[in-house]
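Let me begin by presenting the structure, written as structure tokens, before commenting on it.
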Amino acid sequence: MDATAWDARYSGAEPVWSSTPNVFVAELAGALPPGRALDVAAGEGRNAVWLAERGWDVTMTDFSAVGVERARTVARGRLGEGAEGFRAFVGDALESAPAPVDGGGYDLVVLAYLQLPEQRWRTALARAVDAAVPGGTVVVVCHAERNLTEGVGGPQDAAVLHDPEAVVASAHGLPVDVVSADLRERVVEAADRPALDTVVVLERH
Ligand SMILES: C[S@@+](CC[C@H](N)C(=O)[O-])C[C@H]1O[C@@H](n2cnc3c(N)ncnc32)[C@H](O)[C@@H]1O
């Protein structure tokens, strides 16, 4: 889907995604001390606003201007004075991310459910790693390819789904160590089986 299609999807009366953070982002980022975070392809900002509520200084980007505007509205409503620590930009995940306010890089970069075919996915991952400081954490969560046959929901196009091994392969040659790469089950309300997500944690060196 291109930015226009995402704009159309985010133009409905109701939010597309939940207002609560993704369970794996919450688990992994919740274990880290707050610092500077970048959420790439952040959509309506469910993870970004949650991070800001926990004291992170957050920058989020998405190529959908409508999604970004929604995230700004949510942030204004939920963060109050803390909204100062939240910035949302229209931006392409395949290009360099904006730097934090005080320059340098990010302690945490989140890439959650960015659905891109292999070559573009690799470029987006490389840009995400570029944005992290040495020692910084890159959290990747995406629909696994195995979700197509063994899970539920999510995109039905295998080209934009990535199993843990594929994400690790995409990270090959980037300045990172692989901390973990797992296939995780995510409970889906009213479904008879869980969704299968790829959850990979990288540390920049
Ligand atoms: C499935 S949504 C996930 C949103 C958010 N990360 C979350 O977990 O709620 C995918 C998002 O990726 C964004 N997106 C897709 N391709 C992009 C690109 N090349 N650059 C920036 N954003 C992109 C879409 O606009 C959409 O908001």
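Every read-out reported here was derived from the displayed coordinates using simple, explicitly stated rules and does not represent laboratory data. Model, not experiment: these values are computed from the prediction. Glycine gets a Cβ as well: all are built from the backbone with ideal geometry, and neighbour counts include every protein chain shown.
Quick notes
- Gyration tensor verdict on region 32-99 (Cα atoms; rounded if a/c is under 1.5, prolate if a/b is larger than b/c, oblate otherwise): oblate
- A helix-only calculation puts the chain at -8500 deg cm²/dmol for mean residue ellipticity at 222 nm, using -39500 (n - 2.57) for each DSSP H run of at least four residues, averaged over all residues.
- log10 of Debye I(q)/I(0), alpha-carbon scatterers only, for the chain at 0.10, 0.14, 0.16 Å⁻¹: -0.38, -0.78, -1.04
- Counted by neighbouring Cβ atoms within 10 Å, the residues D39, D157 run from fewest to most as D157, D39.
- Global geometry of region 114-205, whether rounded, prolate or oblate, following the gyration tensor of its Cα atoms and the 1.5 cut on a/c: prolate
- DSSP assigns beta bridges within region 3-204; of those with both partners inside it, close to 45 percent run antiparallel.
- For a paramagnetic label modelled on L148 (point 7 Å from Cα along Cα→Cβ), amide N atoms under 14 Å away belong, within region 95-124, to 116-118.
- Percentage relative contact order, the chain, counting C-alpha pairs under 8 Å, at least six apart: 17 percent
- Taking 7 Å steps out from each Cα toward its Cβ at D157 and R9 produces label points 1.0 nm apart.
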